[in-house]
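Notes to accompany the following structure.
The values are calculated or read from the model by the stated rules, or taken from the named source; none is laboratory data. Only a predicted model underlies this, so the values are computations on that prediction, with no experimental measurement involved. Quick reminder, even Gly has a Cβ in these numbers, built from the backbone with ideal geometry, and neighbours come from all protein chains shown.
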Amino acid sequence: MRRSEASVHLMTYNIHRWAGRDQQIDLDRLAAVIQAADADIVGLNEVLHPVTVGQTNTAPLAELAERLGMHYAFGPSGWIDYGPSWHGPVGNALLSRYPLTDVSNTWLPRLPSTKQRSLLGATFTSGTLQGLTAFVTHLDHAFEGTRLHQMNGIIKHIARRSPHFLMGDFNTPGFLGPNTHRLLPPVLRLMRRAGYEDAFHAVGHGHGKTFPSHTPLVRIDFLFMPYHWARGFRSARALNSGVTQQASDHRPLLVEWGWSEPIAAAGVA
Amino acid sequence: MKVLTYNVHGWLTPDAGVANVDRLAEVIAATGADLVGLNEVFHPWRTPAGPALKVLADSLGMAYAFGPTLPAEPAPDAVPYGNALLSRWPILAYAAHHLSPAVSYGRRGLLETRILLPTGQPFTVYVTHLDHRSESIRLEQWAAANTWLLRDRGRPHLLMGDFNALAAVDYPTSETAARLRAFQSAQGWPTPSFDLVAQVLKTGYVDAFERAGTGQKMTWPSLEPERRIDYIFLPGVLADGLVNCACVDDPVVRGASDHLPVLAEISG
């Protein structure tokens, strides 16, 4: 993606618990995907940090951030055992070219018999994004009613903050095709009513499908901004290459966003 | 568990067009149903005792969820319309999916509800009401519904409602087929099609009445039942637990709504 002046590259990426299609941890692949996209900010889902694989304790999140020369934040939502001896705290993470402040991890409202999910937030302290807050989340995989419940909690939490954006694996299918508007799923209707614009819906190129990475069927990874700030959306696409098909079961969504004035002084959201 | 699917005709009796909430409560209570899918529900529909859906749920001691469908012609004073579920057990959460394609004859949707069973297990129940005029529109609506249902493939769940579709199994002889064609042409309707139900079965669902039904099977119109268009579908994993299935039919029921309800009992 060619970068316009004064714009940043925002990426949201579910990294499948560090396991590629071959079930191996391979930071070279993930670093290559992020570097090839020239991403400035990356929201990550299904991050284990730290992770124990076999007898080895590692912190691939810290290692990946170091390789990319980026800052990072982690917001756990629980503990996961992924295959024999592959376990650790699991949650959302943020990688950023810019230093982060006010890092928060909020637990989403939880229904009986569902997994606890969380919302990671962090504010950029310098550069073109100074004053902007990023939120990263991963909604329930199984049931739209649970996701609605979770998203109501998120909106209540983030709506008063401005400026901000929300990205992650929503697990709700963004319908494609001529009937898209009429068939908008409940969670996406809620986002629209709450005043948020879907970056891919606004400026997307290609089919936008992100899952599964080798032959994607659905668009379930999203980046949303309040309408005021969504005017800065320049382009959005789901990335595909030989590497993205191996690195995770999701493709990353890359959004280019530009804002010519200082963000902190640019009015209300 | 006992499951009932019931089109309530917009809270009106089929003949006189007067409020039917009391009769519905009587019919549903007599079946002992634990889960009731309702179609053609207006909510909140005002009655002296309160909104009809709440009055019905309260009188049965059940929880309810309402899923409004897409308004085809938005009007400022329109009462939301759609599908509903009554449940003896807590409803954890629900979501209303839209199914109406760009061309359709009304507002159609799929209500998805998550129930907490007494065992502590969550259980998903879907209630839908498909287009009443065109099999090709119903097929489009089924495709949209299936994008949601696919995620529950292999998990115990239920799908029920007024599908407005016919099953080939109900017309096994040339006499019954001829009778159907005569009925269709007398109404000025197109030649009958069995594609929708065939698609549902092909997806892996079991038609509860086809598998375990006994007695009179037609559900509409209630005063002189002629067609079976209300269904309870079970995924394969639940089908072995199906105990029985029947159309609930007696003079009180025939006077309550323009549809007869279908009751299925599932064990385990």
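Some values worked out for this structure:
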{"quantity": "Subset of the range B:201-227 that is among the polar types (S, T, N, Q) and over 18 Å from residue B:168 (Cβ atoms) - its residue that is nearest to the chain's Cα centre (by Cα)", "calculated": "B:222"}
{"quantity": "Test for residue B:46: is it among the charged types (D, E, K, R) and within 14 Å of chain A (Cβ to nearest Cβ)", "calculated": "no"}
{"quantity": "Complete set of residues in the range A:20-37 that are at pLDDT below 95 and assigned to a helix (DSSP H, G or I)", "calculated": "none"}
{"quantity": "Flag if residue B:29 is within 10 Å of chain A (Cβ to nearest Cβ), of a type outside the set (Lys, Arg) and closer than 20 Å to residue B:261 by Cβ", "calculated": "no"}
{"quantity": "Residue within the range A:206-218 that is without any contact (Cβ under 8 Å) to a residue 24 or more places away in the chain and either surrounded by fewer than 20 Cβ atoms within 10 Å (Cβ to Cβ) or within 11 Å of chain B (Cβ to nearest Cβ) (or both) present", "calculated": "yes"}
{"quantity": "Filtered residues of the range B:92-115 (kept if within 9 Å of chain A (Cβ to nearest Cβ) and in a strand (DSSP E or B))", "calculated": "B:92, B:93, B:94, B:95, B:96, B:97, B:98, B:112, B:113, B:114"}
{"quantity": "Candidate set from the range B:1-14 (those that are part of a loop (DSSP other than H, G, I, E, B) and in contact with a Leu (Cβ under 7 Å, 6 or more places away or on another chain)); member that is farthest from residue B:229 (Cα to Cα)", "calculated": "B:1"}
{"quantity": "Residue that is nearest to the other protein chains (Cβ to nearest Cβ) [pool: residues in the range B:116-152 that are in a loop (DSSP other than H, G, I, E, B) and either within 28 Å of residue B:75 (Cβ to Cβ) or hydroxyl-bearing (Ser, Thr, Tyr) (or both)]", "calculated": "B:119"}
{"quantity": "Any hit, the range A:77-98, residues being more than 21 Å from residue A:225 (Cα to Cα), among the hydrophobic types (A, V, I, L, M, F, W, C), in contact (Cβ under 8 Å) with a residue 24 or more places away in the chain and crowded, with 21+ Cβ neighbours inside 10 Å", "calculated": "yes"}
{"quantity": "Of the criteria (1) modelled with pLDDT under 95; (2) in contact with a Ser or Thr (Cβ under 8 Å, 6 or more places away or on another chain), which one residue A:123 fails", "calculated": "(1)"}
{"quantity": "Residue within the range A:64-74 that is over 25 Å from residue A:130 (Cα atoms) and either surrounded by fewer than 20 Cβ atoms within 10 Å (Cβ to Cβ) or aliphatic (A, V, I, L, M) (or both) present", "calculated": "no"}
{"quantity": "Residue ID - farthest from the other protein chains (Cβ to nearest Cβ), chosen from residues in the range A:120-153 that are among the β-branched types (Val, Ile, Thr) and buried (at least 23 other Cβ atoms within 10 Å of the Cβ)", "calculated": "A:136"}
{"quantity": "Enumeration of residues in the range A:86-97 that are touching a Ser or Thr at 6+ places or on another chain (Cβ under 9 Å) and either among the small types (Gly, Ala, Ser) or at pLDDT 95 or above (or both)", "calculated": "A:88, A:89, A:90, A:91, A:92"}
